[in-house]
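The next block holds one structure in the form of structure tokens; read it before the comments.
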Amino acid sequence: MAELEALLESGLTGAEAKVYLALLELGSVTAGPVIKKSGLHRATAYQVLQRLQEKGLASTVIKGNKKFFEAASPKRLADSLHEKENALAEVLPKLERMREAGREMEEVVVYSGVKGVKTALDSALAEIGRGGEYLDFGVSGMFLDVMGSYWHAWQRRKREMCVHSRVIFDEGVKKRNPTVLKEYFGVGRFHPKEYASLTDTMIYSDTVVLLIWSAKPPIAVVIKNAANAKSYRNQFEMMWKSASR
């Protein structure tokens, strides 16, 4: 099977490739069907699903009280290809069609681990687009602490794309992490440090992203809901008016 071979060449293990292909074909699904289709032991399948999330290749979706799993775009595999890009590029269109065929619209997607958070933030910039804007409050500077060089790269991409932003920082950032203020691209204001938060709340379009930096590993919760986004936007504007410059 060409798709399986290409996934193995991209660096996935046999079990990871089987589970990823199962997610692509099944769409948003609970663990049971994935276990059945992949043929893996239940405990092994759950371990593999966790590893795929850490690699940014899968995410979880909360529907009611159940956890559903979904494959991330196969384009994410290109990050680890290097000299083997051509082999996977040949089957990427087919893999993408498989994903879209089984994909449903969700309201909540959870990305786990550094690579998972990168997937969420890369997707955010792609959706915001050139010349777009996002809002963010509860900014503590932990983005830089947790993500390291990726934070600098993300700021550069914002500048290159002319992405506008308004951010409300924790006042403690001035002393604790001045690099954040020096390199941040956008307009910032401050709230008193006694109201500090360990979670960034980013708002753009009809989407809210909760970046929980204190979790181990870090988590990004992406909520796509127009009414919810409007509510958070209103909350931001109220805070922005009282925030200091």
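Couple of notes before you dig in:
- Residues with amide H under 5 Å from that of Val108, placed H, sequence gap 5 or more: Ile62, Lys224
- Basic side chains Lys and Arg get +1 at the Cβ, acidic Asp and Glu get -1 at the Cβ, and with that the dipole of the chain about its Cα centre reaches some 600 debye.
- Per-peptide average of other Cβ atoms within 10 Å, ordering 49-62, 20-33, 222-235, 190-203 highest first: 49-62, 20-33, 190-203, 222-235
- Once the Cα atoms are used to define both axes, helix 42-54 deviates from the longest principal axis of the chain by about 40 degrees.
- Its Cα centre serving as origin, the stretch 111-242 has a Cβ charge dipole (Lys and Arg +1, Asp and Glu -1) of approximately 220 debye.
- Karplus-based coupling profile of the stretch 162-173, in residue order and whole Hz: 6, 7, 8, 8, 10, 10, 10, 8, 5, 4, x, 4, with θ = phi - 60° in 6.51 cos²θ - 1.76 cosθ + 1.60 and x standing for Gly or Pro.
- Remark on Gly188: its backbone amide H falls under 5 Å from those of Val167, a criterion applied only to residues 5 or more positions apart or on other chains, H modelled at 1.01 Å from N.
- From its DSSP helices (H runs of at least four residues, each -39,500 (n - 2.57)), the chain gives a residue-normalised ellipticity at 222 nm of -14500 deg cm²/dmol.
- Cross-linked pairs Lys55/Lys193; Lys216/Lys241; Lys66/Lys115; Lys37/Lys216; Lys66/Lys241; Lys36/Lys115: Cα-Cα separations exceed 32 Å for Lys55/Lys193; Lys216/Lys241; Lys66/Lys241.
- 0 to 90° range, to nearest 10: angle between helix 149-161 axis and the chain longest Cα axis: 80
- For the chain, the longest principal axis of the Cα atoms and the long axis of helix 14-26 meet at an angle of about 80 degrees.
- For the chain, alpha-carbon Rg over 2.2 N^0.38 Å: 1.08
- Unit charges at the beta carbon, dipole of the chain: most positive-side option, Val91, Ala17, Gly132: Gly132
- Rg over Rh [alpha-carbon atoms, Kirkwood Rh] for the stretch 111-242: 0.92
FYI, it's all coordinate maths here, none of it is from the lab. Since the model is a prediction, treat every value here as computed from it, not as a measurement. Counting neighbours? That spans all protein chains shown, and the Cβs are built from the backbone with ideal geometry, glycine included.
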